[in-house]
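One structure is given below, encoded as structure tokens.
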Amino acid sequence: MDLYKDDFKYPSVNNWIGYIKARAFTANGAIPLPDVSVLIESAEENGENLSIELKTDENGETQTAEVPTPLASAGDAPGETRPYAVYNIEAYLPGYYPYRALRIPVFGDTLTVQPIGLIPLPLYDGDEVRPDLPGEGNPDAENET
């Protein structure tokens with residue numbers, strides 16, 4: 001049985017709630033990133049379509065999102081019913097590479113915290129200089145006349 005395919009039975013009625021929170025940072029967790037756009041979408045092909053957009057606060061954390069999941073007891077008996085739902089999480093902040101995490105399991109009545117480590121874009125991309133972003137100054141441009 002392949003855990004990464006939708007070969008499982010997924011209840012059409014999700015009568016349980018799970019929770020997702022994202023934490024965005026850079027520098028291996030040393031610097032939290034505010035204003036990161038975070039998108040949470042259902043990864044179930046035969047489940048509910050769900051899309052939640054959130055922004056990180058000054059601590060790099062989103063609000064907690066409530067998402068539908070199967071009952072926790074769905075996995076008690078042997079079989080092909082998963083006791084969790086799967087979600088894709090994407091994040092974007094200008095000046096950083098986009099982030100994508102696929103098929104994150106979320107269990108009912110449980111908080112899933114997704115760490116989002118963003119990597120800054122390089123200053124140089126081949127022969128071109130990255131354009132200035134809002135709030136950034138180009139020190140070389142000040143010296144040119």
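Laboratory data are not the source of any read-out in this text; all were calculated from the coordinates shown. Since this is a predicted model, take the numbers as computed values, not measurements. Glycine also receives a Cβ, built like all others from the backbone with ideal geometry; neighbour counts cover every protein chain displayed.
With Rh defined as the Kirkwood radius, the inverse of the mean 1/r over Cα pairs, the Rg/Rh of the stretch 85-124 is 1.12. In order along the stretch 92-99, the phi-based Karplus estimate (6.51 cos²θ - 1.76 cosθ + 1.60, θ = phi - 60°) of 3J(HN,Hα) comes to 9, 8, x, x, 10, 5, x, 10 Hz; Gly and Pro are listed as x.
Between residue 90 and residue 35, the distance separating the two model label sites (each 7 Å from Cα on the Cα→Cβ line) works out to 2.1 nm. In the stretch 16-119, Cα pairs under 8 Å separated by at least six residues give a relative contact order of 37 percent. With a simple spin-label model that places each label point 7 Å from the Cα along the Cα-to-Cβ direction, the separation between residue 101 and residue 71 comes to 2.9 nm.
Packing here is the average count of other Cβ atoms within 10 Å per residue, and on that basis the peptides 87-99, 50-62, 111-123, highest first, run 87-99, 50-62, 111-123. Close amide H contacts of residue 97 (hydrogens built in the peptide plane, cut-off under 5 Å, sequence separation of 5 or more or a different chain): 119, 121. Prolate is the label for the stretch 16-119. Its Cα gyration tensor axes, ordered a ≥ b ≥ c, give a/c of at least 1.5 and a/b above b/c.
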